Structure formats: structure tokens, C-alpha cells
């Protein structure tokens, strides 16, 4: 079995007390070399400062800390034996487990990858973590997540993401849901000190403070971001944060200090006092991961000094000095835990691996059952009003729907009036968002994972950039990366597209292909009021995230809506105009030039126009059936050409034997070229598909 770079051993230590030793608590990644402690005075001073102030069972905490440490050590040994691919350890962070021990069953933990001890304290077993190390099928991720990234829906331990600080905004979403439900629960979210420079860290702190959310942020400051010392980057050392917003500095090497600070912060959050930030100084007693060797960049003296204040050794000596533990008793405890860990990893190693045939499983849950949209038929509607009507019905029928977006409250009601009147009628569930797209997306994720149904607005899809990490790394992956244990029934809707002069680069983008490229997202684009209502109603009842793009050029047009409104399931295209000679596929704003082009050539070419409606999933069968009849294909899209949905459709139809044999002539793509939309309308209309280009493509396919 191939392994990653194994030259990653940290310098370990061993405590010597006469004949007694405390070895494995300080051995890192399986090393056997030891160094004697050289600074006894430092240890004794530390012990004298922490004489059992805390009212918790320190012996039980010690057992858990050592269980975490021995699990880390065992994984290091296994990795060097070629039994594994990677390891990230939490050695030195074990005292923070007391935070999770203070949580109640219904409280949430949003950990990061160095929180092994905290996960054990919240209820996960060492056997769970052993299975995760081997990436077995019977794990919290089905073998899809790296070691150090487990989760448990039953224990309210959210799935650890690798992008740093990306768990913090979802934690705010869960905490906000708790307050909306009137619960007295809390969410604890942890991150490393290097990640405190991430923009999402500041957004999370700001949002939690604004909403006075029951969140405790824990910054685990071990002074390193991989190999870079963070002292000069740390915002808390730069004076960026004021203690007035609940910042508490903690020597996290001793659990008494952590207990004092965490119990106060959790009680404050639970009592409605708002968030706190615990900046816990800890030591990373090991290399960053198994692919790293901290001896390359850390001075030997620094490593030696760090090892001398190993929190496990500190607690052991305190308990022995207090008469609550003996050396013989400690040796017996260690022996029992060693045996347990050994048995757990031996047992886990024999379990079944994932199956290659399951790679696509749990990318999505079951498709939602589409029902008739709550819209009156047989009259004219604008798309904007149809969507508003669906929103209102949803809010009336289900208290779990929450709306959040920039300027969506009355009197504005959204810059396009999509939410007009809703905040006046549902003031407790329709809220203005700050100008922070990552907050909008991240909060939606946490709220959806908690069990609410967020329907959140991005004011323009052009501004999705700040939210992209949350959408692509968390929202789209949460079901797959937990093998269906967590799901995210969120709707992110946004006006999109051009054909409205004056929008320029950042108010005119059609970028559905960007979303379609991310596995785990459903993407839809309506072009009529009835489809706008039907697709939104379906999305609001889905168990997976939906990106709902509303074409701005069309959504204020008055359109006739049929008397009978049918349900609109995902993956269902609509034939807008039957024909015999050419299959023309389009969606969104481009349905207008597509229909007009078909009308212009109707005297000599019969064009069947298909409205795709659903981008992911897309309706291959309807297009294939039409192509079998016509033998010719034209796709019209507003998005840029390269790597686009239009190219995907053509590629699929020409590479599949069942459909390739139907082609009489080469398929044509009418698209915006790979260029931006300019402010002057001359630039805009020079880039966009128009009727003449569509007509030319239709006629080209007729030249056999």
C-alpha cells in the first residue's frame, strides 16, 4: 500500500519519575526515541497554578486525553507500516476536550481536523475514528473523508471540512436556527489560529455578534500554520479584536483554564448573552500532518520546551500529587487504554472497504415529488410575481422556511421585488442580510443541516464569488462526504443574465455552467411564470441544495399562463413548439430569440423548440427523442462557450452511439463567445445570441 511522505516524525519525550515513566502520552507519530525533561521548575510552577479549581472529573478527562493521544500514536505507527495514506494528529490539543464535555446532547459541535479529543468527548468512539483512519465503508463518510474529518448526525458533530474556517458560518446558521426555534442550545465552532485570517472568520464573528447568536468560537492557537509561525499574522496579537466582543485568552495547555473559560462562554451563549471567542494557546506536539516534518522549521529548543509542558503529563502529576492517582494506577490505566486502542484498530482494519460501484451513491437524495405549484392559472403573470406567490404560500404552510438576502425586507422587498410584502407579513422569518455573500451561503448550509428550510437570495449571481467556497466546498459536498448522514435542503436563488442594457460586467452574467460543474448541486432556469413557480415549488421541497437562476430579461414580462398548471419536476424539459426538421434546445433568456427564430423560418423549416428548464439534472431523453425525429440539433445559450452546458449537450449527443446515428448534419452551438458583457449596449448585443445568428445556425444544419 502506498503511503505519503513518512519523514514526518516529531521529536517526542518521556517523563521520568524515579522508576515511573509516562512514555506514550508524548510519543508522536510512533517514534520511540525519547528526551528527558530538563525544566522541572516549569512543570512544578504550572502545577501550583492549577490546583483542582475545576469541578469536573479530571481523572475521566485524563483517560479521554490519553485515549486520543494513543489513537494518534497508533495511527502514526500504522502509517509507517504502510497501512494507510495520511494522518493528521491532535497531539497537544487534548485539554480542549473539556469544552465538548460541557455540551448537552442537543448542542452542536463544528470541529476542525485537529479535534480528535473533542470528538471523543462529544460521543464518538475510538473505534469510530479507527474506522475513519482506514477509510472503511462503515464510517461517518463511507471512506470519502480523510482521517481527522469524521462526523456524526446522531451526536450533532458536523462534518469536518478541510478548507480552513469554512465550518464557522454553518455553525452560525445552526445557532440562528436554534434561536428562531426558541431553543437554549449552543453551537461550538473551532478553528486554528492561522485560519483566523480567513475572511469567513470575520464574517462569522460579525454575524454572530449582530444576531447575538449562541456560538462559542474556539481559536486553537498553536502558533503555526503548517510551517509558518503565525505570531505576526494572528489578529488577536495584532490587536484587531477587542475584548469587548467576548474575546477571552486562555492558556489551553491546562484543562482547568479551559474549563473556566468555556463554561462561562457556554453559559453566556445558552442564556442569550451572545457569542464568545476563546483564544486557546496550545502546543502542536507533532508535525502538521504525516506529510510534514516540523524539525525542519522549528528550533530544537522550541520543540523541547513545548514537550516539557505536555498537558497529559501535567494532569497526571497533579492527580498523583493530590492523592487521586498512583503511578501504578496510571500504568494500569495506560495499559488498558493501549489494549483498547490496539483492539479497535485491529478490528477496524478487517472491515470492508468501500465499493467502486458506490462512487455515485448519495450525491443526491431521492428527487422531490413535484406537485402542482400554488399559482392561479388561466391569466397573465409576471415571473417575479409568480415567484413571490410561491414564497408566500411556502411561508404560510411551513414555519421552517426562512428567507434571507440583501434588501429583501420591506419597503424595498428586494431590488427586483421578488420578496415584496413578505417581511411585513412574516417579520419573524424574512430578514435582510449584510452585504456578505459568504455569510448568506454559509448560514444557509448550517441552517439547512440543522433542519430548517432556508430560501436565500443572492442579489445578483455575478456576486457569487465570495460565496463560492461555501457553495462548492460545503453545500455541494455535505451529503456525499457523509454518505447521506447529513443533507442540505437549501435554495439559493438569484437573478441572472443580460439582454438588459446597462448591466455591464457585474450585473449581466449567465454562468449556469459554473454551478453545473459542481457535483451535488441541482441547477434550474425557468423561462415562463408557470415554470418559475413550478421549479421553485419543487426546489423548496427538495432534500438537496438547488441553485435557482431567474432570467432578468424575462421576469417582468406579462405572459399568459395556461389554465391547467402541471408539476415541474427536476430533469424535465418542455417542448414549446413542435417541429419536424430541426431540434432547437435553449433555456432562460435565450428562449426568446430561439422562439422568434423558429417563427421566422417556419415557412420552409419546421423547428422543434425545447426549453431545457432543468440544467442539473438535464432531460436527455426528450432531446434524444426529438433528435431521432429531426436529425439536426441547434443549441442556443447565453453563457460563454467554453466548457458550457451547450457544449455538454452536443458532446453527449455526438458521443453516444444511440444518438450519434441520428445526425444528418453537424450540430451547431449559438453562444456568447468567451468574452464579458460591456456597459455600452453595442458591446452587450455584439456578444449575445440574437435572432439572426440562431436563424443562420438553423439554416446551416439544413445544408446536408
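Within segment 237-265, which residues are out of contact with any helix residue (DSSP H, G or I) (no Cβ under 7 Å at 6 or more places or on another chain) and assigned to a loop (DSSP other than H, G, I, E, B)?
Selection gives 237, 238, 239, 240, 241, 242, 246.
I'd like to know if segment 491-514 contains one or more residues that are buried (at least 24 other Cβ atoms within 10 Å of the Cβ) and assigned to a helix (DSSP H, G or I).
Taking every residue of segment 491-514 in turn, at least one turns out to be buried (at least 24 other Cβ atoms within 10 Å of the Cβ) and assigned to a helix (DSSP H, G or I).
Among the residues of segment 660-682, which ones are under 19 Å from residue 636 (Cα atoms) and crowded, with 16+ Cβ neighbours inside 10 Å?
663, 667, 668, 669, 670, 671, 672, 677
Inspect segment 482-502 for any residue being touching a strand residue (DSSP E or B) at 6+ places or on another chain (Cβ under 8 Å), in contact (Cβ under 8 Å) with a residue 24 or more places away in the chain, in the same structural domain as residue 384 (by TED's automatic domain parsing) and within 21 Å of residue 140 (Cα to Cα) and give the result as yes or no.
Yes: segment 482-502 contains one or more residues that are touching a strand residue (DSSP E or B) at 6+ places or on another chain (Cβ under 8 Å), in contact (Cβ under 8 Å) with a residue 24 or more places away in the chain, in the same structural domain as residue 384 (by TED's automatic domain parsing) and within 21 Å of residue 140 (Cα to Cα).
Could we say that residue 585 is crowded, with 24+ Cβ neighbours inside 10 Å, outside the structural domain of residue 416 (by TED's automatic domain parsing) and touching a helix residue (DSSP H, G or I) at 6+ places or on another chain (Cβ under 7 Å) here?
yes
Tell me, please, whether a residue that is part of a helix (DSSP H, G or I) and surrounded by fewer than 24 Cβ atoms within 10 Å (Cβ to Cβ) can be found in segment 211-232.
yes
What helices (runs of 4 or more DSSP H), lying completely within segment 51-127, carry at least 3 residues that are in contact (Cβ under 8 Å) with a residue 60 or more places away in the chain?
Fully inside segment 51-127 and qualifying: 58-80, 97-101.
List pairs: first in segment 392-411 and on the phi > 0 side of the Ramachandran plot and assigned by TED's automatic domain parsing to the domain that holds residue 489, second part of a loop (DSSP other than H, G, I, E, B) and surrounded by fewer than 18 Cβ atoms within 10 Å (Cβ to Cβ), Cβ under 8 Å, 6+ apart or cross-chain?
Qualifying pairs under 8 Å: 407/415.
Just one of (1) buried (at least 16 other Cβ atoms within 10 Å of the Cβ); (2) out of contact with any helix residue (DSSP H, G or I) (no Cβ under 8 Å at 6 or more places or on another chain); (3) at pLDDT 95 or above; (4) more than 17 Å from residue 190 (Cα to Cα) trips up residue 271, so point out which.
Of (1) buried (at least 16 other Cβ atoms within 10 Å of the Cβ); (2) out of contact with any helix residue (DSSP H, G or I) (no Cβ under 8 Å at 6 or more places or on another chain); (3) at pLDDT 95 or above; (4) more than 17 Å from residue 190 (Cα to Cα), only one is false for residue 271: (1).
Among the residues of segment 551-560, are any assigned by TED's automatic domain parsing to the domain that holds residue 402 and part of a helix (DSSP H, G or I)?
Checked against the condition, which is being assigned by TED's automatic domain parsing to the domain that holds residue 402 and part of a helix (DSSP H, G or I), segment 551-560 yields no hits at all.
Listed residues 274, 323; which is more than 28 Å from the chain's Cα centre (by Cα), in a loop (DSSP other than H, G, I, E, B) and more than 30 Å from residue 83 (Cβ to Cβ)?
323
The values are calculated or read from the model by the stated rules, or taken from the named source; none is laboratory data. This structure is a prediction, so every number in the text was calculated from the model and none was measured. Here the Cβ is made from the backbone with ideal geometry for all residues, glycine too, and neighbour counts use every protein chain on show.
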